[in-house]
Amino acid sequence: MRCHLLLAGGIVFLVGCGGWHIGGLGKAAPPKRDSAATDEPVGSLTPTARIRPDCPIRIGGVYTLGLSVAGGEMEDSAAKGVKLSDANRDWMAAHCDMAALSPNTLAPDTFPILRKKQPLFTPLLYLLASTLYEQPNRKGSVGGWQPSMSAWTLRDRSGKEVPHPDAGAHWMDFGDVRWAAHWRKQTDSLMRQFGAHGAVAAEMPQGNTFVGEDLAKYTTPEDRGKATEDWLRAVHDPSKFYLLPSSLGFEQPVGRSTPAIPPGAAEPGLPGRYWDQFYTLLDGAWSEGWVHPYWSEETLPDIYWELHMEAAERAARTEQVFIVSTAYRDDDELEYALASYLLVAKRQARLAFQPMPLRPGQPANAGLSLAVLRRELTDKAAYFDAPLGVALQDRHQISISGGAVWRRAYQFGDVYVNSNDRTEAVVKLGGPMLNPRGQTVQSFTLLPHTGAILHYPPNKKK
């Protein structure tokens with residue numbers, strides 16, 4: 001469990017970090033019906049002790065696999081309707097800042113019990129923005145199918161419904177206002193039923209490649225972008241629930257000028273891209289393939305790395321709820337992913353890191369398993385528990401032998417990242433520091449797409 005925000009009466013209290021911070025609330029207020037953060041008498045707010053006070057990495061993500069105790073790491077819990085076990089619920093309360101779970105894996109009291117154990121946990125529902133099942137209680141479905149809704153389904157150029165691979169499932173028309181209204185109404189009902197604060201909306205039009213290209217109404221990327229904007233505009237209501245869409249494709253150019261962004265939220269690389277186009281229509285995002293998509297063997301090129309960094313940095317600065325899901329094949333790639341995260345993480349932010357390990361013999365989406373998360377946090381504790389303390393500055397580039405790298409100083413260490421696609425760089429330190437492998441280093445080489453997480457020896461901490 002790491003630092004969290006307590007939101008009450010329009011004031012932000014940073015709790016669990018050895019104190020609290022009071023400041024202006026971000027643009028998305030929490031659901032008004034949630035009274036868990038406001039039921040203490042005025043003047044009685046006390047700080048919550050942090051389990052790992054020096055660790056700035058927050059953990060959270062979308063979990064549809066491995067939710068029971070006996071089903072194994074790759075148990076398809078959401079597809080089978082297997083409930084989150086009590087033991088995993090309690091583990092989640094102690095280690096995660098947020099999680100998105102399919103409604104059919106929850107009991108009505110799962111989130112209330114979890115929040116009682118950890119009042120500052122952010123409970124989210126994993127919901128499908130394009131699929132509706134005829135059967136109730138299916139993975140990610142908002143429910144409520146009626147035969148008359150066949151008129152709302154996605155059609156190909158011949159006018160036929162686009163076939164869905166799942167029995168009893170329908171692809172719903174991205175831009176149909178009737179579908180958007182139904183999704184919003186059903187989602188609000190699910191929020192009340194399970195005590196969730198927001199919805200991670202998967203299968204957004206720009207990232208839904210499963211429907212193919214032979215679509216009647218959406219023949220270009222711009223068509224899908226417009227459908228995404230219309231859908232977000234129709235369902236977004238932060239007074240009822242946070243909306244966190246999957247952001248696949250948000251880094252792509254819009255093809256026209258985008259709305260002006262307030263100075264405090266502006267980022268240099270995002271004008272003209274869907275991140276800026278959609279900014280006022282979302283309360284955060286699930287960055288499903290951040291820095292290193294789990295469906296790819298390679299990390300993103302430098303230009304896209306920077307766009308992903310800016311999107312996460314803005315979310316952290318403006319107090320949005322933001323999940324970055326990042327893949328890695330080995331310790332070096334994990335260190336690169338975490339170092340990138342640490343460049344933009346803010347002490348008061350709700351920016352969570354979802355590990356997506358790529359292991360032989362396991363599917364590429366193994367990081368959607370809660371059991372895999374538990375294993376990774378144990379096996380790679382030296383990386384996830386890096387005792388860096390509080391960040392002392394924003395990320396910035398420094399010129400060193402071989403080129404330029406990104407750096408950020410922390411209270412008890414430093415983070416370096418070389419995001420360049422081709423150039424390696426040699427970093428020389430002013431004194432010995434420790435890396436997550438327990439090695440003492442005073443100089444090292446950063447190859448392209450690598451990072452370094454370093455902390456001072458224990459006797460050097462202040």
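The values are calculated or read from the model by the stated rules, or taken from the named source; none is laboratory data. Just so you know, these numbers come straight off a predicted model, no measurement behind them. Heads up, the Cβs are rebuilt from the backbone with ideal geometry, glycines too, and the neighbour counts pull from every protein chain shown.
Values computed for the structure shown
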read-out	value
Those residues of segment 141-174 which are assigned to a loop (DSSP other than H, G, I, E, B), touching a residue at least 40 places away in the same chain (Cβ under 8 Å) and surrounded by 20 or more Cβ atoms within 10 Å (Cβ to Cβ), in sequence order	Val142, Leu154, Asp173, Phe174
Those residues of segment 59-111 which are out of contact with any Gly (no Cβ under 9 Å at 6 or more places or on another chain) and among the basic types (Lys, Arg), in sequence order	Lys83, Arg89
Asp76 farther than 21 Å from Ala352 by Cα, under 21 Å from the mean Cα position of the chain (by Cα), modelled with pLDDT of 95 or more and assigned by TED's automatic domain parsing to the domain that holds Gly143	yes
Residues within segment 308-331 that are under 15 Å from Ala285 (Cα atoms) and assigned to a strand (DSSP E or B), tallied	6
Residue tally, condition in contact with a Phe, Trp or Tyr (Cβ under 6 Å, 6 or more places away or on another chain) and assigned to a loop (DSSP other than H, G, I, E, B), over segment 96-105	1
Test: residue in segment 332-345 that is part of a strand (DSSP E or B) and of a type in the set (Val, Ile, Thr)	no
Any hit, segment 227-246, residues being among the hydrophobic types (A, V, I, L, M, F, W, C) and surrounded by fewer than 17 Cβ atoms within 10 Å (Cβ to Cβ)	no
Residue check for Tyr336: assigned by TED's automatic domain parsing to the domain that holds Ala266, more than 30 Å from His236 (Cβ to Cβ), touching a strand residue (DSSP E or B) at 6+ places or on another chain (Cβ under 8 Å) and hydroxyl-bearing (Ser, Thr, Tyr)	yes
Single residue of segment 312-370 satisfying the filter (of a type in the set (Asp, Glu) and modelled with pLDDT of 95 or more) that is surrounded by the fewest Cβ atoms within 10 Å (Cβ to Cβ)	Asp330
Single residue of Pro268, Pro293 found to be surrounded by fewer than 17 Cβ atoms within 10 Å (Cβ to Cβ), modelled with pLDDT of 95 or more and not in a helix (DSSP H, G or I)	Pro268
Segment 384-420, subset surrounded by fewer than 13 Cβ atoms within 10 Å (Cβ to Cβ) and within 25 Å of the chain's Cα centre (by Cα), residue nearest to Asp332 (Cα to Cα)	His396
Selection status of Leu190, closer than 24 Å to Pro238 by Cβ and not in a loop (DSSP other than H, G, I, E, B)	yes
Residue list for segment 181-213, restricted to those being closer than 23 Å to Pro163 by Cβ, modelled with pLDDT of 95 or more and of a type in the set (D, E, K, R)	Glu203
Sole residue being touching a Gly at 6+ places or on another chain (Cβ under 7 Å) and assigned by TED's automatic domain parsing to the domain that holds Gly284, chosen from Gln118, Gln135	Gln135
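Residue by residue, here is whether (1) part of a helix (DSSP H, G or I); (2) on the phi > 0 side of the Ramachandran plot; (3) of a type outside the set (Ser, Thr, Tyr) holds:
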site	(1), (2), (3)
Arg89	yes, no, yes
Ala94	yes, no, yes
Ala107	no, no, yes
Phe111	yes, no, yes
Arg115	yes, no, yes
Leu120	no, no, yes
Tyr126	no, no, no
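Quick grid of which residues meet (1) outside the structural domain of Leu124 (by TED's automatic domain parsing); (2) in contact (Cβ under 8 Å) with a residue 12 or more places away in the chain; (3) over 27 Å from Tyr336 (Cα atoms):
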{"position": "Lys80", "(1), (2), (3)": "no, no, yes"}
{"position": "Asn88", "(1), (2), (3)": "no, yes, yes"}
{"position": "Ala94", "(1), (2), (3)": "no, yes, no"}
{"position": "Ala100", "(1), (2), (3)": "no, yes, no"}
{"position": "Asn104", "(1), (2), (3)": "no, yes, yes"}
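Residue-wise test of (1) crowded, with 24+ Cβ neighbours inside 10 Å; (2) more than 17 Å from Val62 (Cβ to Cβ); (3) within 18 Å of the chain's Cα centre (by Cα).
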| position | (1), (2), (3) |
| --- | --- |
| Val82 | no, no, no |
| Ser85 | no, yes, no |
| Cys96 | yes, no, yes |
| Leu101 | yes, no, yes |
| Asn104 | no, no, no |
| Pro108 | no, yes, no |
| Arg115 | no, yes, no |
| Leu125 | yes, no, yes |
| Ala129 | yes, no, yes |
